[in-house]
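*Asks:* Just passing along the structure, written as structure tokens.
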Amino acid sequence: MDKKELKNKLSEASYIVTQEHGTEAPFSGELLDIKDEGTFSCVCCGNKLFSSRTKYDSGTGWPSFWQPYSEIAVKNFEDRSHGMVRVEVRCGSCEAHLGHVFPDGPEPTGLRYCMNSVAMIFEPKSE
């Protein structure tokens, strides 16, 4: 899907985050407080990113996970923007910007995948 099609498909906030590497305001995302069982997928392409089983409350204001859905669900890139060195997380399929990963998460991985709600959709587990 090209940028024009994505701009028509996504909300303005989703487009800014996924295509322009923006960030939603902390504690503003609709997926922050979801505790239901299901899957978090890329808003752009539908790629499965995270299982609700790995979601936890990090207290940071963004949905946080300790592990991606699979080894190929996400890709990591060095991010030197804003005078910092961080690890950017993008969709493993379409490379949409999702957020960042930090080494201060819970066991067993010790990682905190800090994601933007507007970059994902939640698909509840079917009964």
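*Asks:* Can you spot a residue in region 66-83 that is among the aliphatic types (A, V, I, L, M), surrounded by 22 or more Cβ atoms within 10 Å (Cβ to Cβ) and under 19 Å from LEU10 (Cα atoms)?
*Replies:* There is no residue in region 66-83 that is among the aliphatic types (A, V, I, L, M), surrounded by 22 or more Cβ atoms within 10 Å (Cβ to Cβ) and under 19 Å from LEU10 (Cα atoms).
*Asks:* Hey, another quick one. Across region 1-51, what is the total count of residues that are among the hydroxyl-bearing types (Ser, Thr, Tyr), in contact with a helix residue (DSSP H, G or I) (Cβ under 6 Å, 6 or more places away or on another chain) and under 19 Å from LYS125 (Cα atoms)? Outline the logic, then answer.
*Replies:* First pass over region 1-51, keeping only residues among the hydroxyl-bearing types (Ser, Thr, Tyr): 11, 14-15, 18, 23, 28, 39, 41, 51.
After this cut, where a residue has to be in contact with a helix residue (DSSP H, G or I) (Cβ under 6 Å, 6 or more places away or on another chain) as well, the list is 14-15, 18.
Checking which are under 19 Å from LYS125 (Cα atoms) leaves us with none.
Residues in region 1-51 being among the hydroxyl-bearing types (Ser, Thr, Tyr), in contact with a helix residue (DSSP H, G or I) (Cβ under 6 Å, 6 or more places away or on another chain) and under 19 Å from LYS125 (Cα atoms): 0 in total.
*Asks:* What residue, among those in region 1-21 that are in contact (Cβ under 8 Å) with a residue 12 or more places away in the chain and in a loop (DSSP other than H, G, I, E, B), is farthest from ASN116 (Cα to Cα)?
*Replies:* Out of the qualifying residues, it is MET1.
The rows are residues; the columns are (1) surrounded by 14 or more Cβ atoms within 10 Å (Cβ to Cβ); (2) in contact with a strand residue (DSSP E or B) (Cβ under 7 Å, 6 or more places away or on another chain).
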{"position": "MET1", "(1), (2)": "no, no"}
{"position": "ASP36", "(1), (2)": "no, yes"}
{"position": "SER52", "(1), (2)": "yes, yes"}
{"position": "ASN116", "(1), (2)": "yes, yes"}
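*Asks:* Conditions: (1) surrounded by 13 or more Cβ atoms within 10 Å (Cβ to Cβ); (2) aromatic (Phe, Trp, Tyr); (3) farther than 12 Å from ALA119 by Cα. TRP62 meets all but one. Number of the miss?
*Replies:* (3)
*Asks:* Let me ask another. Specify the residue that is nearest to VAL118 (Cα to Cα); the eligible residues are those in region 24-49 that are in a loop (DSSP other than H, G, I, E, B) and among the small types (Gly, Ala, Ser). So that I can check it myself, show each step before the final result.
*Replies:* To start, the set of residues in region 24-49 that are in a loop (DSSP other than H, G, I, E, B) comprises 24-37, 43-47.
Remaining after also requiring among the small types (Gly, Ala, Ser): 25, 28-29, 46.
On the way: ALA25: 11, SER28: 10, GLY29: 7, GLY46: 13 Å.
If we take residues in region 24-49 being in a loop (DSSP other than H, G, I, E, B) and among the small types (Gly, Ala, Ser), then GLY29 is nearest to VAL118 (Cα to Cα).
*Asks:* Please go through (1) more than 19 Å from LEU111 (Cβ to Cβ); (2) part of a loop (DSSP other than H, G, I, E, B) for SER58 and return the number of the only condition it doesn't satisfy.
*Replies:* Result: SER58 fails condition (1) only.
Rule-based calculations on the coordinates, nothing more; no lab input. Bear in mind that the values here come from a model prediction, so they are computed numbers and not experimental data. Positions of Cβ are generated from backbone atoms using ideal geometry, with glycine treated the same way; all protein chains shown enter the neighbour counts.
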